[in-house]
Amino acid sequence: MQLFAGIRGEVWSVQSRRMLVTDLHHFLELPPDTPGPAQRLAEHLINIVRAGTAGDVGTAWESALPCRRRPANRHCPGRIIVQRTEPAAPLRWQCSICDDEGVISNWEDSPFDLRRRRMALANPVHEIVISDEVGAALRELSLLDTDCERLVFRIRADRGSIILAVTDEDLEELIGSVAAEANHESNRRRRQRLDAAFDALNDAAATANGW
Ligand SMILES: [Zn+2]
């Protein structure tokens, strides 16, 4: 049961809310025969770490990541709110709607730590509203460099909309990455999702630049 070492720390807090206490290291490099639920949990926690480290430090913010809970067999419509306070402190997360919440320790300097290593240039930023499908397609991209990955995991939810904040250069780079990955994709359905994301970003670029 080594696989579940990371979730063995599940505890009940005094308010009897369930708090999932996890150590990211227990979810890295899972063997290929890991059961599906453990793999999905690992993917969920990894995405939370990406969002938590891509966004700003200090304040809690609502990411585009969907809640994984399925009360009464329906997807919880909530999204994951993340908060990163300081290095070496566990990342905190909670669903915006249900009581799913947890903390993740040992995220620093993992391959999913997207904290910026250098100062960013303050170029004008476009706020682009995208669909959940486009957001999910962007999260699936496997060939992104760290700067693009940070943009994708900074995508936030705001009053029901999903918002991608990018400069012209960011957007151009992201569109290029989507196109490159779509060109190499042999799975037809995934290619369709990438093509749809490509079209949506291209339209957004055209609008942002008044083309
Ligand atoms: Zn939820």
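The values are calculated or read from the model by the stated rules, or taken from the named source; none is laboratory data. This structure is a prediction, so every number in the text was calculated from the model and none was measured. Virtual Cβ from ideal backbone geometry, glycine too; neighbours counted across all protein chains shown.
Has the range 118-127 got at least one residue that is under 13 Å from residue 156 (Cα atoms) and more than 16 Å from the ligand (Cβ to nearest atom)? Scanning the range 118-127, I find at least one residue that is under 13 Å from residue 156 (Cα atoms) and more than 16 Å from the ligand (Cβ to nearest atom), so the answer is yes.
Results for (1) crowded, with 21+ Cβ neighbours inside 10 Å; (2) within 18 Å of the chain's Cα centre (by Cα), shown as yes or no for each residue.
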| site | (1), (2) |
| --- | --- |
| 46 | no, yes |
| 80 | yes, yes |
| 86 | no, no |
| 99 | no, no |
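With respect to being among the charged types (D, E, K, R) and in contact with a helix residue (DSSP H, G or I) (Cβ under 9 Å, 6 or more places away or on another chain), residue 40 falls outside the description. The lone criterion from (1) at pLDDT 95 or above; (2) more than 21 Å from residue 148 (Cβ to Cβ) left unmet by residue 65 is number (2). Condition test on residue 60, is it modelled with pLDDT of 95 or more and surrounded by fewer than 19 Cβ atoms within 10 Å (Cβ to Cβ)? So residue 60 passes the test.
Looking for something within 16 Å of the ligand (Cβ to nearest atom) and more than 18 Å from the chain's Cα centre (by Cα) - is there at least one such residue anywhere in the range 58-70? Yes, that holds for at least one residue. Of the numbered criteria (1) within 30 Å of residue 177 (Cα to Cα); (2) in contact with a Gly (Cβ under 8 Å, 6 or more places away or on another chain); (3) within 16 Å of the ligand (Cβ to nearest atom), the one residue 47 fails is (2).
Summed over the range 153-211, residues that are of a type outside the set (Phe, Trp, Tyr), in a helix (DSSP H, G or I) and under 24 Å from residue 112 (Cα atoms) total 18. Of a type in the set (Lys, Arg), at negative phi and surrounded by 21 or more Cβ atoms within 10 Å (Cβ to Cβ), is that true of residue 50? Yes, satisfied.
Can you tell me how many residues in the range 73-86 are over 12 Å from residue 156 (Cβ atoms) and within 12 Å of the ligand (Cβ to nearest atom)?
So the first thing to find is which residues in the range 73-86 are over 12 Å from residue 156 (Cβ atoms), and the list is 73-78, 83-86.
Among the residues that remain, those that are also within 12 Å of the ligand (Cβ to nearest atom) are: 74-78.
Adding up the residues that qualify gives 5.
Within the range 46-72, residues that are farther than 17 Å from residue 166 by Cα reach partners that are among the small types (Gly, Ala, Ser) with beta carbons closer than 6 Å, at six or more positions or on different chains, in the pairs 61/55; 62/96; 62/157; 65/51; 67/78.
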